[in-house]
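Notes follow once the structure below has been shown.
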Amino acid sequence: MPKTGREKIVGAGANGDGPSVDESEPKAGSEASRSEAINPVKTEDDERVGNALRPKRFEEYVGQTMVVDSISVAVKAASRRFDALDHVLLHGPPGLGKTTIAHIIAREMDSRLVHTSGPAMERPADVVGILSNLDERDVLFIDEIHRLSSAVEEYLYSAMEDFRVDFTTGQGAFAKTINLPLQPFTLIGSTTRVGMLSAPLRDRFGLVYHLDYYNEEQLTLVVQRSAKILEVDITEDGAAEIARRSRGTPRIANRLLRRVRDYAEVKHDGVITQEISRDALQLEGVDKIGLDRLDRLYLETLAKNYDGGPAGVNALAATLNEEQQTLEDVVEPYLLKIGFILRTTQGRRTTPEGAKHAGVIQDPGADLKSDPQQTRFL
Ligand SMILES: Nc1ncnc2c1ncn2[C@@H]1O[C@H](COP(=O)(O)OP(=O)(O)OP(=O)(O)O)[C@@H](O)[C@H]1O
Ligand SMILES: [Mg+2]
(Lines give C-alpha, C1' and ligand atoms only; values in the text may rest on other atoms or scores of the structure.)
(Ligands and ions follow the chains in the order given, each with its own letter.)
Protein backbone atom coordinates (compact mmCIF):
# COMPACT_ATOMS: atom_id res chain seq x y z
CA MET A 1 0.00 0.00 0.00
CA PRO A 2 1.57 3.33 -0.98
CA LYS A 3 2.29 5.79 1.77
CA THR A 4 1.11 9.34 1.46
CA GLY A 5 3.73 10.80 3.73
CA ARG A 6 1.18 11.65 6.38
CA GLU A 7 -0.82 9.58 8.83
CA LYS A 8 -3.19 7.26 7.02
CA ILE A 9 -5.63 5.20 8.98
CA VAL A 10 -6.42 1.70 7.92
CA GLY A 11 -9.23 -0.28 9.50
CA ALA A 12 -8.46 -3.97 9.91
CA GLY A 13 -11.50 -6.12 10.52
CA ALA A 14 -12.15 -9.70 11.49
CA ASN A 15 -13.16 -10.88 8.05
CA GLY A 16 -9.62 -11.89 7.17
CA ASP A 17 -9.70 -10.08 3.83
CA GLY A 18 -6.99 -7.71 4.84
CA PRO A 19 -7.05 -4.11 5.93
CA SER A 20 -9.02 -1.59 3.95
CA VAL A 21 -8.03 2.04 3.61
CA ASP A 22 -10.18 4.29 5.71
CA GLU A 23 -9.38 7.91 6.47
CA SER A 24 -11.59 7.90 9.55
CA GLU A 25 -11.61 5.67 12.60
CA PRO A 26 -13.66 2.47 12.83
CA LYS A 27 -17.36 3.13 12.58
CA ALA A 28 -19.76 2.55 15.41
CA GLY A 29 -21.11 -0.95 15.24
CA SER A 30 -17.72 -2.37 14.22
CA GLU A 31 -15.99 -4.78 16.56
CA ALA A 32 -13.64 -2.05 17.69
CA SER A 33 -16.51 -0.07 19.07
CA ARG A 34 -18.49 -2.95 20.55
CA SER A 35 -17.65 -1.82 24.06
CA GLU A 36 -19.48 1.45 23.45
CA ALA A 37 -22.81 -0.23 23.98
CA ILE A 38 -21.92 -0.98 27.55
CA ASN A 39 -19.73 2.02 28.18
CA PRO A 40 -21.63 5.13 29.20
CA VAL A 41 -18.42 7.16 28.94
CA LYS A 42 -18.26 6.48 25.22
CA THR A 43 -21.19 6.99 22.86
CA GLU A 44 -21.41 7.00 19.08
CA ASP A 45 -21.94 10.74 19.09
CA ASP A 46 -18.79 11.21 21.21
CA GLU A 47 -16.73 9.32 18.67
CA ARG A 48 -18.01 11.33 15.71
CA VAL A 49 -17.45 14.73 17.30
CA GLY A 50 -14.47 13.37 19.27
CA ASN A 51 -12.54 12.86 16.06
CA ALA A 52 -12.93 16.52 15.15
CA LEU A 53 -11.79 17.55 18.63
CA ARG A 54 -8.94 15.04 18.87
CA PRO A 55 -5.56 16.76 19.24
CA LYS A 56 -3.43 16.03 16.16
CA ARG A 57 -0.01 16.83 17.61
CA PHE A 58 1.64 16.56 21.02
CA GLU A 59 1.65 20.38 21.37
CA GLU A 60 -2.15 20.33 21.27
CA TYR A 61 -2.45 17.46 23.76
CA VAL A 62 -3.37 18.83 27.19
CA GLY A 63 -1.86 17.32 30.37
CA GLN A 64 -0.26 13.86 30.91
CA THR A 65 3.02 15.80 30.68
CA MET A 66 5.30 13.03 31.86
CA VAL A 67 3.83 10.52 29.41
CA VAL A 68 3.92 12.97 26.51
CA ASP A 69 7.50 14.09 27.28
CA SER A 70 8.73 10.52 27.46
CA ILE A 71 6.97 9.44 24.25
CA SER A 72 8.16 12.56 22.40
CA VAL A 73 11.78 11.77 23.22
CA ALA A 74 11.39 8.15 22.11
CA VAL A 75 9.62 9.23 18.88
CA LYS A 76 12.31 11.81 18.06
CA ALA A 77 15.12 9.33 18.72
CA ALA A 78 13.48 6.62 16.60
CA SER A 79 12.77 9.08 13.78
CA ARG A 80 16.35 10.32 13.79
CA ARG A 81 17.62 6.75 13.42
CA PHE A 82 14.80 5.99 10.98
CA ASP A 83 13.94 3.02 13.23
CA ALA A 84 10.51 1.77 14.20
CA LEU A 85 9.48 3.07 17.63
CA ASP A 86 9.55 0.51 20.44
CA HIS A 87 6.17 -1.12 21.17
CA VAL A 88 3.92 1.06 23.34
CA LEU A 89 1.29 0.00 25.90
CA LEU A 90 -1.20 2.66 27.03
CA HIS A 91 -3.49 1.86 29.90
CA GLY A 92 -5.98 3.76 32.02
CA PRO A 93 -9.71 4.49 32.36
CA PRO A 94 -11.86 5.19 29.28
CA GLY A 95 -11.82 8.60 27.60
CA LEU A 96 -8.45 9.83 28.86
CA GLY A 97 -6.70 10.00 25.48
CA LYS A 98 -5.11 6.60 24.73
CA THR A 99 -6.39 6.37 21.15
CA THR A 100 -5.51 10.03 20.69
CA ILE A 101 -1.88 9.36 21.68
CA ALA A 102 -1.67 6.41 19.26
CA HIS A 103 -2.79 8.65 16.40
CA ILE A 104 -0.37 11.40 17.39
CA ILE A 105 2.51 8.92 17.52
CA ALA A 106 1.75 7.71 13.97
CA ARG A 107 1.52 11.29 12.76
CA GLU A 108 4.74 12.37 14.46
CA MET A 109 6.52 9.30 13.06
CA ASP A 110 5.07 10.14 9.64
CA SER A 111 3.79 6.57 9.59
CA ARG A 112 0.63 4.78 8.64
CA LEU A 113 -1.71 3.69 11.42
CA VAL A 114 -3.51 0.35 11.12
CA HIS A 115 -6.39 0.30 13.58
CA THR A 116 -7.85 -2.91 14.95
CA SER A 117 -9.02 -4.30 18.28
CA GLY A 118 -8.59 -7.38 20.44
CA PRO A 119 -12.05 -8.84 19.76
CA ALA A 120 -11.73 -8.14 16.00
CA MET A 121 -8.63 -10.33 15.75
CA GLU A 122 -10.54 -13.52 16.20
CA ARG A 123 -8.49 -16.07 14.30
CA PRO A 124 -4.73 -16.51 13.92
CA ALA A 125 -5.27 -15.99 10.16
CA ASP A 126 -6.49 -12.45 10.91
CA VAL A 127 -3.25 -11.67 12.73
CA VAL A 128 -1.01 -13.16 10.05
CA GLY A 129 -2.93 -11.20 7.40
CA ILE A 130 -2.65 -7.92 9.24
CA LEU A 131 1.00 -8.37 10.25
CA SER A 132 2.20 -9.44 6.83
CA ASN A 133 0.62 -6.34 5.27
CA LEU A 134 2.50 -3.93 7.52
CA ASP A 135 5.15 -1.73 5.93
CA GLU A 136 8.34 -0.67 7.64
CA ARG A 137 7.68 1.64 10.62
CA ASP A 138 3.90 1.25 10.37
CA VAL A 139 1.94 1.56 13.60
CA LEU A 140 -0.42 -1.30 14.43
CA PHE A 141 -2.92 -0.02 17.00
CA ILE A 142 -4.78 -2.73 18.93
CA ASP A 143 -7.58 -1.32 21.05
CA GLU A 144 -8.89 -3.42 23.95
CA ILE A 145 -5.75 -5.54 23.72
CA HIS A 146 -6.75 -7.42 26.88
CA ARG A 147 -9.46 -9.12 24.83
CA LEU A 148 -7.08 -10.95 22.48
CA SER A 149 -7.45 -14.72 22.53
CA SER A 150 -4.41 -16.63 23.76
CA ALA A 151 -3.95 -18.30 20.34
CA VAL A 152 -3.77 -14.91 18.66
CA GLU A 153 -1.56 -13.52 21.41
CA GLU A 154 1.07 -16.19 20.82
CA TYR A 155 1.49 -15.06 17.22
CA LEU A 156 2.23 -11.60 18.49
CA TYR A 157 5.12 -12.74 20.69
CA SER A 158 7.55 -13.51 17.86
CA ALA A 159 6.12 -10.70 15.74
CA MET A 160 6.90 -8.16 18.46
CA GLU A 161 10.25 -9.59 19.46
CA ASP A 162 11.84 -10.79 16.22
CA PHE A 163 9.56 -9.32 13.53
CA ARG A 164 8.54 -12.72 12.20
CA VAL A 165 5.56 -15.08 12.43
CA ASP A 166 5.65 -18.84 12.26
CA PHE A 167 2.46 -20.48 11.13
CA THR A 168 1.39 -23.89 9.92
CA THR A 169 -0.46 -24.61 6.69
CA GLY A 170 -2.05 -27.93 5.72
CA GLN A 171 -2.80 -30.81 8.04
CA GLY A 172 -1.30 -34.16 9.07
CA ALA A 173 1.43 -35.34 6.70
CA PHE A 174 0.93 -32.20 4.57
CA ALA A 175 1.45 -29.80 7.44
CA LYS A 176 4.16 -27.25 6.73
CA THR A 177 5.56 -24.56 9.01
CA ILE A 178 6.21 -21.27 7.31
CA ASN A 179 8.48 -18.63 8.84
CA LEU A 180 7.31 -15.29 7.56
CA PRO A 181 9.64 -12.34 8.09
CA LEU A 182 7.89 -9.04 8.89
CA GLN A 183 8.85 -5.40 8.43
CA PRO A 184 9.92 -3.67 11.65
CA PHE A 185 6.71 -2.12 12.96
CA THR A 186 5.40 -0.57 16.17
CA LEU A 187 2.59 -2.18 18.10
CA ILE A 188 0.55 0.20 20.23
CA GLY A 189 -1.77 -1.60 22.63
CA SER A 190 -4.52 0.20 24.51
CA THR A 191 -6.46 -1.16 27.47
CA THR A 192 -8.62 -0.13 30.39
CA ARG A 193 -7.67 -3.42 32.11
CA VAL A 194 -3.92 -3.83 32.24
CA GLY A 195 -4.29 -6.49 34.94
CA MET A 196 -5.92 -8.80 32.41
CA LEU A 197 -2.88 -8.79 30.13
CA SER A 198 -0.68 -11.87 30.31
CA ALA A 199 2.84 -11.30 31.62
CA PRO A 200 4.57 -12.46 28.38
CA LEU A 201 2.58 -9.94 26.34
CA ARG A 202 3.06 -7.09 28.83
CA ASP A 203 6.81 -7.74 28.98
CA ARG A 204 7.17 -7.30 25.23
CA PHE A 205 6.25 -3.62 25.38
CA GLY A 206 9.30 -1.37 25.70
CA LEU A 207 7.26 1.71 26.60
CA VAL A 208 4.44 1.32 29.12
CA TYR A 209 2.35 4.29 30.26
CA HIS A 210 -0.54 4.76 32.61
CA LEU A 211 -2.89 7.66 31.89
CA ASP A 212 -4.44 9.20 34.96
CA TYR A 213 -7.48 11.42 35.44
CA TYR A 214 -7.04 15.11 34.54
CA ASN A 215 -7.26 17.93 37.07
CA GLU A 216 -9.68 20.82 36.83
CA GLU A 217 -7.15 23.22 35.35
CA GLN A 218 -6.22 20.80 32.55
CA LEU A 219 -9.86 20.03 31.78
CA THR A 220 -10.62 23.75 31.63
CA LEU A 221 -8.01 23.98 28.88
CA VAL A 222 -9.59 20.99 27.10
CA VAL A 223 -13.02 22.68 27.25
CA GLN A 224 -11.62 26.01 26.04
CA ARG A 225 -9.77 24.33 23.16
CA SER A 226 -12.87 22.37 22.10
CA ALA A 227 -15.09 25.47 22.40
CA LYS A 228 -12.75 27.27 20.01
CA ILE A 229 -12.93 24.43 17.46
CA LEU A 230 -16.73 24.28 17.78
CA GLU A 231 -16.87 28.10 17.58
CA VAL A 232 -18.70 28.44 20.89
CA ASP A 233 -18.39 31.54 23.09
CA ILE A 234 -17.51 30.54 26.64
CA THR A 235 -16.28 32.45 29.68
CA GLU A 236 -13.39 31.10 31.75
CA ASP A 237 -15.79 30.44 34.66
CA GLY A 238 -18.15 28.65 32.32
CA ALA A 239 -15.34 26.36 31.12
CA ALA A 240 -14.14 25.73 34.69
CA GLU A 241 -17.65 24.75 35.77
CA ILE A 242 -17.85 22.14 32.99
CA ALA A 243 -14.32 20.96 33.87
CA ARG A 244 -15.27 20.46 37.54
CA ARG A 245 -18.16 18.24 36.52
CA SER A 246 -16.31 16.10 33.98
CA ARG A 247 -15.04 13.27 36.22
CA GLY A 248 -11.43 14.06 35.27
CA THR A 249 -12.15 12.85 31.72
CA PRO A 250 -11.65 14.85 28.48
CA ARG A 251 -14.25 12.81 26.57
CA ILE A 252 -16.87 13.69 29.20
CA ALA A 253 -15.74 17.35 29.17
CA ASN A 254 -16.33 17.46 25.41
CA ARG A 255 -19.72 15.81 25.74
CA LEU A 256 -20.87 18.15 28.51
CA LEU A 257 -19.65 21.14 26.52
CA ARG A 258 -21.97 20.11 23.68
CA ARG A 259 -24.92 19.70 26.06
CA VAL A 260 -24.27 23.11 27.64
CA ARG A 261 -23.89 24.69 24.19
CA ASP A 262 -27.36 23.41 23.21
CA TYR A 263 -28.83 24.78 26.43
CA ALA A 264 -27.10 28.16 25.97
CA GLU A 265 -28.40 28.41 22.40
CA VAL A 266 -31.98 27.46 23.20
CA LYS A 267 -32.47 29.19 26.53
CA HIS A 268 -30.01 32.09 26.24
CA ASP A 269 -27.97 33.99 23.67
CA GLY A 270 -25.45 31.18 23.05
CA VAL A 271 -22.68 32.45 25.33
CA ILE A 272 -21.72 29.91 28.01
CA THR A 273 -21.30 31.44 31.45
CA GLN A 274 -20.77 29.70 34.78
CA GLU A 275 -24.46 30.01 35.65
CA ILE A 276 -25.54 28.54 32.33
CA SER A 277 -23.07 25.63 32.70
CA ARG A 278 -24.38 24.94 36.19
CA ASP A 279 -28.07 25.04 35.19
CA ALA A 280 -27.54 22.96 32.04
CA LEU A 281 -25.55 20.26 33.82
CA GLN A 282 -27.99 20.11 36.68
CA LEU A 283 -30.64 19.40 34.07
CA GLU A 284 -28.40 16.65 32.66
CA GLY A 285 -28.29 14.97 36.07
CA VAL A 286 -24.60 15.74 36.59
CA ASP A 287 -23.96 16.86 40.16
CA LYS A 288 -21.48 19.48 41.28
CA ILE A 289 -18.60 17.06 41.63
CA GLY A 290 -19.38 15.46 38.28
CA LEU A 291 -21.14 12.27 39.38
CA ASP A 292 -23.88 11.20 37.00
CA ARG A 293 -27.01 9.17 37.72
CA LEU A 294 -25.27 5.80 37.55
CA ASP A 295 -22.43 6.91 39.85
CA ARG A 296 -24.91 8.15 42.43
CA LEU A 297 -27.10 5.10 42.12
CA TYR A 298 -24.07 2.86 42.67
CA LEU A 299 -23.02 4.86 45.71
CA GLU A 300 -26.52 4.96 47.19
CA THR A 301 -27.07 1.25 46.63
CA LEU A 302 -23.80 0.39 48.34
CA ALA A 303 -24.38 2.85 51.17
CA LYS A 304 -28.07 2.10 51.78
CA ASN A 305 -29.01 -1.34 50.45
CA TYR A 306 -25.73 -2.91 51.51
CA ASP A 307 -25.17 -0.79 54.62
CA GLY A 308 -21.89 0.55 53.26
CA GLY A 309 -20.66 -2.92 52.23
CA PRO A 310 -18.68 -5.01 51.84
CA ALA A 311 -20.54 -6.06 48.71
CA GLY A 312 -19.34 -7.96 45.66
CA VAL A 313 -19.38 -6.14 42.36
CA ASN A 314 -21.50 -8.90 40.82
CA ALA A 315 -24.14 -8.40 43.51
CA LEU A 316 -24.09 -4.65 42.91
CA ALA A 317 -24.38 -5.19 39.16
CA ALA A 318 -27.40 -7.45 39.66
CA THR A 319 -29.08 -4.96 42.02
CA LEU A 320 -28.45 -2.07 39.64
CA ASN A 321 -29.34 -4.13 36.57
CA GLU A 322 -26.07 -3.02 34.99
CA GLU A 323 -23.17 -4.81 33.33
CA GLN A 324 -20.46 -5.73 35.84
CA GLN A 325 -17.86 -4.54 33.31
CA THR A 326 -19.42 -1.08 33.16
CA LEU A 327 -19.22 -0.79 36.93
CA GLU A 328 -15.61 -2.01 36.99
CA ASP A 329 -14.32 0.01 34.03
CA VAL A 330 -16.31 3.20 34.26
CA VAL A 331 -18.01 3.79 37.61
CA GLU A 332 -15.58 2.38 40.18
CA PRO A 333 -12.23 3.80 39.01
CA TYR A 334 -13.42 7.38 39.52
CA LEU A 335 -15.16 6.68 42.84
CA LEU A 336 -11.95 5.00 44.02
CA LYS A 337 -9.88 7.93 42.77
CA ILE A 338 -11.92 10.50 44.72
CA GLY A 339 -11.93 8.26 47.80
CA PHE A 340 -15.68 7.53 47.91
CA ILE A 341 -15.30 3.73 47.86
CA LEU A 342 -12.69 1.14 48.82
CA ARG A 343 -11.98 -2.17 47.13
CA THR A 344 -11.31 -4.59 49.96
CA THR A 345 -10.67 -8.33 50.04
CA GLN A 346 -14.30 -8.82 51.12
CA GLY A 347 -15.82 -6.55 48.46
CA ARG A 348 -16.66 -2.90 47.85
CA ARG A 349 -17.22 -0.51 50.76
CA THR A 350 -18.17 3.13 50.98
CA THR A 351 -15.83 5.52 52.79
CA PRO A 352 -17.34 8.10 55.17
CA GLU A 353 -17.00 10.71 52.38
CA GLY A 354 -18.80 8.42 49.95
CA ALA A 355 -21.57 7.67 52.45
CA LYS A 356 -21.94 11.38 53.14
CA HIS A 357 -22.32 12.13 49.45
CA ALA A 358 -24.95 9.37 49.22
CA GLY A 359 -26.81 11.06 52.06
CA VAL A 360 -26.02 8.37 54.64
CA ILE A 361 -24.21 9.21 57.86
CA GLN A 362 -21.72 6.55 58.82
CA ASP A 363 -19.63 6.17 61.97
CA PRO A 364 -16.29 6.95 60.33
CA GLY A 365 -14.33 3.72 60.12
CA ALA A 366 -15.87 2.03 63.20
CA ASP A 367 -15.79 -1.46 61.79
CA LEU A 368 -12.64 -0.80 59.78
CA LYS A 369 -10.82 -0.46 63.10
CA SER A 370 -12.08 -3.82 64.26
CA ASP A 371 -11.01 -5.48 61.03
CA PRO A 372 -7.91 -3.82 59.57
CA GLN A 373 -7.92 -6.43 56.76
CA GLN A 374 -10.87 -4.68 55.21
CA THR A 375 -8.90 -1.54 54.47
CA ARG A 376 -6.50 -3.46 52.30
CA PHE A 377 -6.70 -2.44 48.65
CA LEU A 378 -6.84 -5.17 46.06
N1 LIG B 1 -5.03 15.32 26.35
C2 LIG B 1 -6.11 15.67 25.67
N3 LIG B 1 -6.26 16.94 25.26
C4 LIG B 1 -7.39 17.31 24.59
N5 LIG B 1 -8.41 16.47 24.28
C6 LIG B 1 -8.28 15.20 24.64
C7 LIG B 1 -7.14 14.72 25.35
N8 LIG B 1 -7.28 13.42 25.60
C9 LIG B 1 -8.46 13.07 25.07
N10 LIG B 1 -9.07 14.13 24.50
C11 LIG B 1 -10.41 14.13 23.88
O12 LIG B 1 -11.15 13.08 24.49
C13 LIG B 1 -11.67 12.18 23.49
C14 LIG B 1 -11.45 10.77 23.99
O15 LIG B 1 -10.09 10.42 23.91
P16 LIG B 1 -9.63 8.96 23.40
O17 LIG B 1 -10.59 8.43 22.40
O18 LIG B 1 -8.20 9.08 22.98
O19 LIG B 1 -9.74 8.14 24.77
P20 LIG B 1 -9.34 6.65 25.09
O21 LIG B 1 -8.42 6.69 26.26
O22 LIG B 1 -8.84 5.99 23.84
O23 LIG B 1 -10.71 6.00 25.54
P24 LIG B 1 -11.22 4.46 25.47
O25 LIG B 1 -10.51 3.71 26.56
O26 LIG B 1 -12.69 4.55 25.74
O27 LIG B 1 -10.91 3.96 24.09
C28 LIG B 1 -10.90 12.52 22.19
O29 LIG B 1 -11.77 12.49 21.10
C30 LIG B 1 -10.36 13.90 22.40
O31 LIG B 1 -11.19 14.84 21.76
MG1 LIG C 1 -9.68 4.48 22.66
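The values are calculated or read from the model by the stated rules, or taken from the named source; none is laboratory data. Keep in mind it's a predicted model, so treat the numbers as computed, not measured. Counting neighbours? That spans all protein chains shown, and the Cβs are built from the backbone with ideal geometry, glycine included.
Annotations
- Any hit, the range 108-116, residues being within 12 Å of ligand 1 (Cβ to nearest atom) and either within 19 Å of Tyr209 (Cα to Cα) or not assigned by TED's automatic domain parsing to the domain that holds Leu327 (or both): yes
- Selection within the range 223-267 - in a helix (DSSP H, G or I), more than 16 Å from ligand 2 (Cβ to nearest atom) and of a type in the set (Val, Ile, Thr): Val223, Ile229, Ile242, Val260, Val266
- Gly118, sole failed condition from (1) under 21 Å from the mean Cα position of the chain (by Cα); (2) surrounded by fewer than 18 Cβ atoms within 10 Å (Cβ to Cβ): (2)
- Residues of the range 88-107 classified as more than 6 Å from ligand 1 (Cβ to nearest atom) and at positive phi, total: 1
- Some residue of the range 22-45 being within 29 Å of Leu256 (Cα to Cα), surrounded by 19 or more Cβ atoms within 10 Å (Cβ to Cβ), at pLDDT 95 or above and touching a strand residue (DSSP E or B) at 6+ places or on another chain (Cβ under 8 Å): no
- Extreme residue, farthest from the chain's Cα centre (by Cα), among residues of the range 260-285 that are surrounded by fewer than 17 Cβ atoms within 10 Å (Cβ to Cβ) and within 20 Å of Tyr334 (Cβ to Cβ): Gln282
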